[in-house]
Amino acid sequence: MMTDTDRDALGWNTPGGGVTPEARPIDPAAPEEFGLVQLFWGDGKGKTTAAMGMGFRAAGHGFRVHMLQFMKGGADSVEAVRGEYNAIAAMPGFSYENTGHYGWHGMADGSEDVDHAADAEAGFERAEELIAAAGDADLTEPLDLDAPPEDGLHMLILDELLYAADRELVDPEAVVELVETKPDDLELVITGSHTDPDYLVDHADLVTHVGKEKHPIDAGQRARRGTEY
């Protein structure tokens, strides 16, 4: 007689019943349980990577995903072409745009802080537009994977928005209001900042602190193609 231990070993008690998943064509679909707010912050590497990985997972199910990047214009150690942009462009239902200024705010990299402020403000206004547009769409229904993000989104990733708020390029209270007024069915993912976004924690459903224990940059390693960009 087969025991529960035997069933566990065979994977029969897993959600997939022990069947190995197979890749399927990506067709437009609608999520059943989207609508949470997720934050990724900390001094460790991987915040944007985690958000994009979740975006690819959602897009793989046929959900419409868009990533709006703040503060990601680049630096002298990073090439203009980035691997994630090429991958997103090849993925049905996943799109992106970059509102960041070249360089990083507050660093001696030749960029002007006033330009960072203007770009961050424009990026935040764009985020407000996308969230308002999502509110006008029926997010309980499949969305055209090739349609512009203004036609509606199931998941919106606001990459490095927490960094912009931490630098006071965006008002933290405005970020709170943005979160509180989003459509109920829109999954909102926000990343960035080495500083605890305590002003937003009570308004989020998931908060992940990505902490650094060791990083090669501290030993002089520059950003590498395929890992950092």
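Could you name every one of the helices (runs of 4 or more DSSP H) located completely within segment 1-91 that has at least 1 residues being of a type in the set (K, R) and modelled with pLDDT of 85 or more?
Passing ranges, in order: 47-60.
Would you confirm, using the coordinates I've provided, whether A164 is open to solvent by less than 70 Å² (accessible area, probe 1.4 Å), modelled with pLDDT under 95, over 27 Å from P31 (Cβ atoms) and touching a Leu at 6+ places or on another chain (Cβ under 6 Å)? Before you say what the answer is, go through the steps one by one.
Numbers: open to solvent by less than 70 Å² (accessible area, probe 1.4 Å): yes; modelled with pLDDT under 95: yes; over 27 Å from P31 (Cβ atoms): yes; touching a Leu at 6+ places or on another chain (Cβ under 6 Å): no.
Here the answer is no, as A164 does not meet what is asked.
In segment 181-204, which residues are part of a loop (DSSP other than H, G, I, E, B), open to solvent by 100 Å² or more (accessible area, probe 1.4 Å) and out of contact with any Asp or Glu (no Cβ under 7 Å at 6 or more places or on another chain)? Can you show your working first?
Within segment 181-204, the subset part of a loop (DSSP other than H, G, I, E, B) is 181-186, 192-197, 202-204.
In the following step, the residues that additionally are open to solvent by 100 Å² or more (accessible area, probe 1.4 Å) were identified as 184, 194, 202.
Once the filter is applied, which keeps residues that are part of a loop (DSSP other than H, G, I, E, B), open to solvent by 100 Å² or more (accessible area, probe 1.4 Å) and out of contact with any Asp or Glu (no Cβ under 7 Å at 6 or more places or on another chain), segment 181-204 yields D184, D202.
State which residue is farthest from F34 (Cα to Cα) when the search covers only segment 158-182 and only residues that are of a type outside the set (A, V, I, L, M, F, W, C) and in contact (Cβ under 8 Å) with a residue 60 or more places away in the chain.
Within segment 158-182, the subset of a type outside the set (A, V, I, L, M, F, W, C) is 159-160, 163, 166-168, 171-173, 177, 180-182.
Of the ones still in play, those that are also in contact (Cβ under 8 Å) with a residue 60 or more places away in the chain are 159-160, 163, 167, 182.
Working: D159: 19, E160: 21, Y163: 25, R167: 30, K182: 12 Å.
In this case the residue turns out to be R167.
Contact list please: Cβ distance under 8 Å, first residue in segment 134-153 and at positive phi, second residue open to solvent by less than 80 Å² (accessible area, probe 1.4 Å) and basic (K, R), pairs at least six apart or on different chains.
G152/R64
How many residues does segment 20-44 hold that are open to solvent by less than 30 Å² (accessible area, probe 1.4 Å), aliphatic (A, V, I, L, M) and in contact with a Gly (Cβ under 6 Å, 6 or more places away or on another chain)?
1
The values are calculated or read from the model by the stated rules, or taken from the named source; none is laboratory data. Predicted model, so just to flag it, every value in this text is computed and none were measured. Neighbour counts run over all protein chains shown; Cβ positions are idealised from the backbone, glycine included. These area figures cover heavy atoms from the full protein model, side chains too; ligands, DNA and RNA do not enter into them. Shrake-Rupley method; radii C 1.70, N 1.55, O 1.52, S 1.80 Å.
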